[in-house]
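Accompanying notes for the structure given below.
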Amino acid sequence: NAGVTQTPKFQVLKTGQSMTLQCAQDMNHEYMSWYRQDPGMGLRLIHYSVGAGITDQGEVPNGYNVSRSTTEDFPLRLLSAAPSQTSVYFCASSLTSGSGDEQYFGPGTRLTVT
Amino acid sequence: AQSVAQPEDQVNVAEGNPLTVKCTYSVSGNPYLFWYVQYPNRGLQFLLKYITGDNLVKGSYGFEAEFNKSQTSFHLKKPSALVSDSALYFCAVRDAGNDMRFGAGTRLTVKP
């Protein structure tokens, strides 16, 4: 199993540009999520999905959209990039949406918005 | 909403000495508690979790954590630290919902 994969690894955007961060998992996990990691703030949940066709907002959803058309894929879209979205983005998945399930994380995407 | 506090930004220990990384939490119901480790330029790796049962939980790489309900704490411990344990450690908490909240992280440095 490849686990959780993310592309690209690095990205530089100009303010106002849009892009999609890709995330895929091959473990048949129900639950998938997106976090951003900023220095001194830990990880903050952006959006999550408990199954194909079902998504919901996390702690910091503004400026981001998600969709979940298949079990495997959970892309994160930045509609109009802002410098405040400069961060490291992690995708994660867990077997179920049960509270006791640990999450498996991808390697991250480092995004810089100028 | 649930929350996690890691009161120490940095912990320094000598190789071979015991280590403790502290975590306190706040939830409205029963807590589901997790520890993750992050090595440079990598994603987070799961170390251990507390769901229910014994207050002392054993995990990967010789780490363990003690759940203390009265003190709302879940400190990470290891009896003998290795230089290779140097990394960023995150405590996380989930209640009955889907929202997992992470602490700000503690950077552990183990010196030879």
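Laboratory data are not the source of any read-out in this text; all were calculated from the coordinates shown. Treat the numbers as computed from the prediction; the structure is a model and nothing was measured. A quick note on method: Cβ atoms are made from the backbone with ideal geometry, for glycine too, and the neighbour counts reach across all protein chains shown.
Under a plain spin-label model, where a point goes 7 Å from the Cα along Cα-to-Cβ, how far apart in nm are B:Asn17 and B:Ala96?
4.4 nm
PRE reach from A:Lys14 (point 7 Å along Cα→Cβ): which of the range A:67-88 fall under 16 Å by backbone N?
Residues A:80-83 qualify, since their backbone N sits under 16 Å from the label point.
With charges set only on the Cβ (+1 for Lys and Arg, -1 for Asp and Glu), what does the dipole of the protein assembly as shown come to about its Cα centre, in debye to the nearest 20?
Charge dipole, the protein assembly as shown, about its Cα centre: 500 debye, nearest 20.
Taking only C-alpha pairs under 8 Å that are 6+ residues apart, what is the relative contact order of chain A in percent?
Averaging sequence separation for qualifying contacts and normalising by length gives 36 percent for chain A.
Taking the Cβ of A:Thr71 as the center, what net charge do the other residues with Cβ under 15 Å away carry, scoring Lys and Arg +1 and Asp and Glu -1?
-3
When Cβ neighbours within 10 Å are restricted to other protein chains, what is their mean count per residue of peptide B:90-103?
Mean shielding by partner chains, rounded to a whole number: 5.
What three numbers, in Å, describe the spread of the alpha carbons of chain A along their principal axes, ordered from the longest?
Dimensions of chain A along the principal axes of its Cα atoms: 37, 29, 25 Å.
May I ask which residue of A:Leu79, A:Phe105, A:Gln37 lies farthest towards the positive end of the charge dipole of chain A, with charges of +1 (Lys, Arg) and -1 (Asp, Glu) on Cβ and the Cα centre as origin?
Ranked along the dipole, the leading option is A:Leu79.
Pairs of Cα atoms under 8 Å, at least six residues apart: use those to get the relative contact order of chain B, whole percent.
Reported as a whole number, the value is 38 percent.
Counting only other chains, what is the mean number of Cβ atoms within 10 angstrom of the Cβ of each residue in peptide A:30-37?
Mean number of neighbouring Cβ atoms from other chains: 2.
Determine, for A:Ile46, B:Ile51, the number of other Cβ atoms within 10 Å of each Cβ, and report the residues in order from fewest to most.
B:Ile51, A:Ile46
Expected output is a single nm value to one decimal: the length gained when fully extending between A:Arg44 and A:Ser69, i.e. 0.36 nm times separation in residues minus the C-alpha distance. What is it?
6.6 nm
Which value, in debye to the nearest 20, gives the size of the charge dipole of the range B:29-83 about its Cα centre, when Lys and Arg are +1 and Asp and Glu are -1 at the Cβ?
For this selection, approximately 100 debye.
For the range B:24-81, what is the relative contact order in percent, using Cα pairs closer than 8 Å and at least 6 residues apart in sequence?
Here the relative contact order equals 28 percent.
Could you work out how far the C-alpha centroid of the range A:35-59 sits from that of the range B:43-112, in angstrom?
Rounded to whole Å, the Cα centres lie 21 Å apart.
Stretch B:Glu66-B:Ser3 to full length: gain in nm at 0.36 nm per residue minus the Cα-Cα span?
20.9 nm
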